[in-house]
Amino acid sequence: MSSFNLERRIKRQVWAPEHAFFAVCAPGLEPLCARELAVLNAGDIAPEPGGVGFRGKLEIAYAANLWLRTAGRVWLRLKDFRVRRWDDLVRQAAAVPWELYVAPGAALNISVSLSASNLKHSGRVAEVVGKAAADRLKSLGLEPPIPAEPGDEQAQRLQVRGVDRRATISLDTSGAHLHKRGYRPQGGAAPLREDLAAALLMLCDYDGSGPLLDPLCGGGTLVIEAALIARHLPPGGKRSFAFEQWPSLREAAWNHMRRQAGEKALAAPPAPILGRDRNPKVVALAKDNAGRAGVSKGVKFEAADFLGKSAPAGTGLVVMNPPYGKRLGSVRQAETLAGKLGERLRDAYVGWRVGAVLYRPEWAGLLGLADATTLTAPFSGLKVSLLSGKVPSQ
């Protein structure tokens with residue numbers, strides 16, 4: 001196939017039409033992810049367990065990867081079809097214009113999920129899809145894709161999902177999980193995943209206009225995510241994405257989108273952002289992470305004990321990811337600490353809003369917040385509660 005013909009087909013079949021996408025997120029975060037997609041002007045936004053479906057031209061996938069703070073991955077639906085017999089999969093896989101999405105010689109990682117499906121044998125399903133992609137590229141004189149080696153983070157991901165009598169073939173647009181922003185090679189003793197940190201801030205309606213304190217900052221994840229929000233910086237601004245390797249990448253549009261994001265960003269947060277931790281080594285780590293994220297300006301870290309250090313002047317938002325029993329000590333110790341945190345908030349932070357990650361939902365009462373709202377999400381094999389509320393007057 002000539003490069004001219006390929007370019008013409010890319011414009012007609014990939015750039016011009018609207019496509020169906022699915023943003024995966026942690027169960028419980030779907031409303032927040034849907035809210036983010038609405039801000040991006042995505043079409044046909046449809047939350048469902050585990051993620052949010054949406055539609056738009058190819059650029060909406062670029063924007064979703066660049067800007068979504070609560071999503072983990074964005075899939076492009078290549079095929080959505082009814083399955084009556086095995087040949088339906090063979091025919092639909094062969095009909096995908098693989099050469100528009102998969103680079104010659106690319107490594108493919110094909111995962112298969114079947115639930116009460118007419119399709120059987122996930123290994124055979126993966127073989128059929130991989131063979132269809134290879135045969136298509138070979139027929140066009142292009143180097144066929146190859147099976148990915150285990151653990152290959154650079155491989156192009158494909159997903160085949162069969163449920164009852166329907167199946168989908170989807171292509172990953174993201175690459176590494178979207179919570180991997182690229183600024184944190186390591187966290188503190190109990191690092192909070194970046195998408196959950198952003199979700200907590202969104203639950204608290206944080207927009208950067210008021211002061212923020214994380215008194216138990218650890219590796220600085222909550223502080224850094226707050227700084228990204230406050231400065232209108234995209235969470236994906238420091239990383240690469242799978243779609244950048246596609247033959248159909250709309251490079252000019254992608255470069256323009258990134259350039260616009262940089263031009264609209266603020267030079268510093270509008271209000272103070274402060275991270276504290278009683279461990280000086282952890283504070284140094286948080287500073288390093290903030291530097292890698294490009295948000296050091298206007299963000300302050302200091303070594304201080306929350307239970308003894310005075311509160312900053314005025315009011316604002318306190319966010320925290322307290323140590324919890326399963327990873328940092330006994331459950332009883334963690335519960336006792338939650339009680340002490342609640343006492344400290346009532347003594348020194350009256351009128352402040354509070355956002356906290358709790359590993360036992362019943363601990364919410366220990367913090368004693370008014371007008372509390374909660375959201376539950378999975379994290380490290382647990383279900384954690386994201387709590388937002390206000391420290392009431394005595």
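The values are calculated or read from the model by the stated rules, or taken from the named source; none is laboratory data. Keep in mind that this is a model prediction, so the values were computed, not measured. Cβ placement follows ideal geometry from the backbone for every residue including glycine, while neighbour counts extend to all protein chains displayed.
Residues Gly218, Gly210, Gly237: which one is under 27 Å from Ala370 (Cα atoms) and either out of contact with any Pro (no Cβ under 7 Å at 6 or more places or on another chain) or hydrophobic (A, V, I, L, M, F, W, C) (or both)? Steps first, answer last, please.
Details: Gly218 fails: either out of contact with any Pro (no Cβ under 7 Å at 6 or more places or on another chain) or hydrophobic (A, V, I, L, M, F, W, C) (or both); Gly237 fails: under 27 Å from Ala370 (Cα atoms).
After ruling out the rest, the residue left standing is Gly210.
So for segment 278-294 (the condition being more than 25 Å from the chain's Cα centre (by Cα), surrounded by 14 or more Cβ atoms within 10 Å (Cβ to Cβ) and farther than 24 Å from Gly72 by Cα), does at least one residue qualify? Within segment 278-294, one or more residues are more than 25 Å from the chain's Cα centre (by Cα), surrounded by 14 or more Cβ atoms within 10 Å (Cβ to Cβ) and farther than 24 Å from Gly72 by Cα.
Within segment 133-143, work out how many residues are without any contact (Cβ under 8 Å) to a residue 60 or more places away in the chain, surrounded by fewer than 20 Cβ atoms within 10 Å (Cβ to Cβ) and not aliphatic (A, V, I, L, M).
Residues of segment 133-143 that are without any contact (Cβ under 8 Å) to a residue 60 or more places away in the chain, as a first pass: 133-139, 143.
With surrounded by fewer than 20 Cβ atoms within 10 Å (Cβ to Cβ) added as a condition, the list becomes 134-135, 138-139, 143.
Filter again for not aliphatic (A, V, I, L, M), leaving 135, 138-139, 143.
The qualifying residues number 4.
Of these, Val354, Val319, Val384, which one is more than 22 Å from the chain's Cα centre (by Cα), surrounded by 17 or more Cβ atoms within 10 Å (Cβ to Cβ) and either of a type outside the set (D, E, K, R) or not assigned by TED's automatic domain parsing to the domain that holds Leu222 (or both)?
Numbers: Val319 fails: more than 22 Å from the chain's Cα centre (by Cα); Val384 fails: more than 22 Å from the chain's Cα centre (by Cα).
Only one candidate passes the filter, namely Val354.
For Ala226, the conditions (1) under 22 Å from Ala61 (Cβ atoms); (2) surrounded by 19 or more Cβ atoms within 10 Å (Cβ to Cβ); (3) touching a helix residue (DSSP H, G or I) at 6+ places or on another chain (Cβ under 8 Å) are fulfilled apart from (1). Checking the structure you have, find out if any residue of segment 327-336 is buried (at least 20 other Cβ atoms within 10 Å of the Cβ), within 30 Å of Pro270 (Cα to Cα) and in contact with a Pro (Cβ under 9 Å, 6 or more places away or on another chain). So far as segment 327-336 goes, no, none of its residues is buried (at least 20 other Cβ atoms within 10 Å of the Cβ), within 30 Å of Pro270 (Cα to Cα) and in contact with a Pro (Cβ under 9 Å, 6 or more places away or on another chain). Going through (1) in a helix (DSSP H, G or I); (2) closer than 10 Å to Phe21 by Cα one by one, Leu78 falls short only on (1). Please verify whether Leu171 is under 30 Å from Lys238 (Cβ atoms) and buried (at least 19 other Cβ atoms within 10 Å of the Cβ), treating the condition exactly as stated. When the stated conditions are applied, Leu171 passes them.
Determine if segment 154-174 includes at least one residue that is without any contact (Cβ under 8 Å) to a residue 12 or more places away in the chain, out of contact with any helix residue (DSSP H, G or I) (no Cβ under 6 Å at 6 or more places or on another chain) and outside any helix (DSSP H, G or I).
No, that holds for no residue.
Within segment 207-237, if we keep just the residues that are aliphatic (A, V, I, L, M) and not in a helix (DSSP H, G or I), the residue that is nearest to Ala303 (Cα to Cα) turns out to be Leu216. Is it the case that Arg231 is surrounded by fewer than 24 Cβ atoms within 10 Å (Cβ to Cβ) and under 22 Å from Val74 (Cα atoms)? So Arg231 fails the test.
Here's the yes/no breakdown for (1) of a type outside the set (S, T, N, Q); (2) outside the structural domain of Gly308 (by TED's automatic domain parsing); (3) in contact with a strand residue (DSSP E or B) (Cβ under 6 Å, 6 or more places away or on another chain):
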{"residue": "Gly236", "(1), (2), (3)": "yes, yes, no"}
{"residue": "Phe243", "(1), (2), (3)": "yes, yes, no"}
{"residue": "Ser248", "(1), (2), (3)": "no, yes, no"}
{"residue": "Trp254", "(1), (2), (3)": "yes, yes, no"}
{"residue": "Gln260", "(1), (2), (3)": "no, yes, no"}
{"residue": "Pro280", "(1), (2), (3)": "yes, no, yes"}
{"residue": "Val283", "(1), (2), (3)": "yes, no, yes"}
{"residue": "Lys287", "(1), (2), (3)": "yes, no, yes"}
{"residue": "Val295", "(1), (2), (3)": "yes, no, no"}
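Got a sec? Which of Val74, Val90, Val14, Val52 is in contact with a Cys (Cβ under 6 Å, 6 or more places away or on another chain) and either buried (at least 19 other Cβ atoms within 10 Å of the Cβ) or outside the structural domain of Ser380 (by TED's automatic domain parsing) (or both)? Spell out how you get there, then give the answer.
Values: Val74 fails: in contact with a Cys (Cβ under 6 Å, 6 or more places away or on another chain); Val90 fails: in contact with a Cys (Cβ under 6 Å, 6 or more places away or on another chain); Val14 fails: in contact with a Cys (Cβ under 6 Å, 6 or more places away or on another chain).
Residue meeting the stated conditions: Val52.
Scan segment 58-75 for residues that are in a loop (DSSP other than H, G, I, E, B) and not basic (Lys, Arg) and report the count.
The qualifying residues number 2.
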